[in-house]
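The values are calculated or read from the model by the stated rules, or taken from the named source; none is laboratory data. It should be emphasised that the depicted structure is a prediction, and the values quoted were computed from it without experimental measurement. Glycine also receives a Cβ, built like all others from the backbone with ideal geometry; neighbour counts cover every protein chain displayed.
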């Protein structure tokens, strides 16, 4: 979190990402303005805050003093003040008398003054942010307060999600993981989360006696040593956490175990590509929300488009501080199959498709049967070039952490239109109507 000294160029936004989840802490906030209360509440929905517990109340520092005279203070206390000068210290002196020694304190106030900031830090305030504050500022302030000195950088997480069964998201996830390992020449871990029907082992022609089930079961706490024992080492850069691919295994897992597993993976590699199955159970939902980058894979059909719209709107609204999901339109050009054009998909979703992958059963079938990646079969194929460009984008792009006040960015993105299947169908029919009229004229 930039200090008041750094906040002189505050409107320029932030360039450094928050690399880790906030630890399991209780956070209580006492605000004086509704804008601050809303910002704190919205910060609770961010994926980085998944392990925290947040309570928001009005009344500012004075109300906090009244509450904590008879009760213990939480791990972190966020208080807002409207004071700008020495009066701030008068308020904080009363708060110090009721605060437990191990409670961290973040103060939010209107003053953007370097001297005030330094004096607050000297007096024991852990962080100071300038009002009005956006949710991402609050999250970064918390991350700064609870950062561990010397903590290693965390892996970038990329989740591939098929919006409908049979979209080919697993194949694309596996090829992307392989390609990233060669582009970056860094450690990449492919995580197959489809415990019943996972194909990572098949696609790479590898077998493993231990799988992701051992990491998800929670029987033993997962650490880096145990994780390494579960991995298939494919080559110098790529490792695979395979799925058991059995119908007799557990399919529901504790959400906290899943989050812990993702964090352990992030600490053990440079990039982690997650092949996420097409189910929407609570543990899968939490997994998707934890990804830094999400790639939605759809096919050019009506049911797939409906699901794509639902996924895109939901993820965009719930992840306002992250990059928008990428969209792949896969298996385009199946002979004799009526398809929805990419331009129609873009009009309905509200943005262009990031990658169109042509239907080529020869290429993908040969790669699958031989346990190879598509680039190893035909390095000059257009699908290879497109996937390479997408990999470059998801590995190089960093979450745009910026102030969300002036342009109303967060609010704007949250106000997404709901899915109206009737409207979509009607729109597509209208686009086909001119062709039908033209045909009648020719016949006449």
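Observations
- Number of positions in segment 118-143 that are closer than 25 Å to residue 68 by Cα, at pLDDT below 90 and part of a helix (DSSP H, G or I): 4
- Verdict on residue 92 being in a helix (DSSP H, G or I) and over 22 Å from residue 143 (Cβ atoms): yes
- Qualifying position, being assigned to a strand (DSSP E or B) and either over 28 Å from residue 155 (Cα atoms) or assigned by TED's automatic domain parsing to the domain that holds residue 265 (or both), among 345, 353, 357: 357
- For residue 149, the conditions (1) modelled with pLDDT of 90 or more; (2) surrounded by fewer than 17 Cβ atoms within 10 Å (Cβ to Cβ) are fulfilled apart from (1).
- Given (1) surrounded by fewer than 23 Cβ atoms within 10 Å (Cβ to Cβ); (2) within 22 Å of residue 24 (Cα to Cα), index of the condition residue 142 fails: (1)
- Some residue of segment 48-57 being surrounded by fewer than 17 Cβ atoms within 10 Å (Cβ to Cβ) and farther than 30 Å from residue 259 by Cβ: no
- Answer from 251, 269 - the residue that is surrounded by fewer than 18 Cβ atoms within 10 Å (Cβ to Cβ) and either outside the structural domain of residue 39 (by TED's automatic domain parsing) or at pLDDT 95 or above (or both): 251
- A single member of 28, 12 is modelled with pLDDT under 80 and on the phi < 0 side of the Ramachandran plot, and it is 12.
- Test: residue in segment 167-183 that is buried (at least 24 other Cβ atoms within 10 Å of the Cβ) and assigned to a loop (DSSP other than H, G, I, E, B): yes
- Matching option when the condition is out of contact with any helix residue (DSSP H, G or I) (no Cβ under 7 Å at 6 or more places or on another chain) and surrounded by 14 or more Cβ atoms within 10 Å (Cβ to Cβ), among 103, 81: 103
- Tallying residues that are in contact (Cβ under 8 Å) with a residue 40 or more places away in the chain and farther than 12 Å from residue 133 by Cβ within segment 33-49 yields 5.
- If you go through segment 317-340 and keep only what is touching a helix residue (DSSP H, G or I) at 6+ places or on another chain (Cβ under 8 Å) and either outside the structural domain of residue 389 (by TED's automatic domain parsing) or farther than 30 Å from residue 38 by Cα (or both), you end up with 327, 328, 329, 330, 332, 340.
For (1) under 13 Å from the mean Cα position of the chain (by Cα); (2) buried (at least 19 other Cβ atoms within 10 Å of the Cβ); (3) at positive phi, each residue gets a yes or a no:
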{"position": "256", "(1), (2), (3)": "no, no, no"}
{"position": "274", "(1), (2), (3)": "yes, yes, no"}
{"position": "279", "(1), (2), (3)": "no, no, no"}
{"position": "303", "(1), (2), (3)": "no, no, no"}
{"position": "318", "(1), (2), (3)": "yes, no, no"}
{"position": "325", "(1), (2), (3)": "yes, yes, no"}
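- Filter pass, residue 329 being without any contact (Cβ under 8 Å) to a residue 60 or more places away in the chain and surrounded by fewer than 23 Cβ atoms within 10 Å (Cβ to Cβ): no
- Scanning segment 184-199 for residues that are at pLDDT 95 or above and either outside the structural domain of residue 370 (by TED's automatic domain parsing) or not in a loop (DSSP other than H, G, I, E, B) (or both) returns 188, 189, 190, 191, 192.
- Complete set of residues in segment 211-241 that are assigned to a loop (DSSP other than H, G, I, E, B), under 14 Å from residue 268 (Cβ atoms) and out of contact with any strand residue (DSSP E or B) (no Cβ under 8 Å at 6 or more places or on another chain): 222, 223
- Out of 306, 286, one residue alone is part of a helix (DSSP H, G or I), touching a residue at least 24 places away in the same chain (Cβ under 8 Å) and within 30 Å of residue 184 (Cα to Cα). It is 286.
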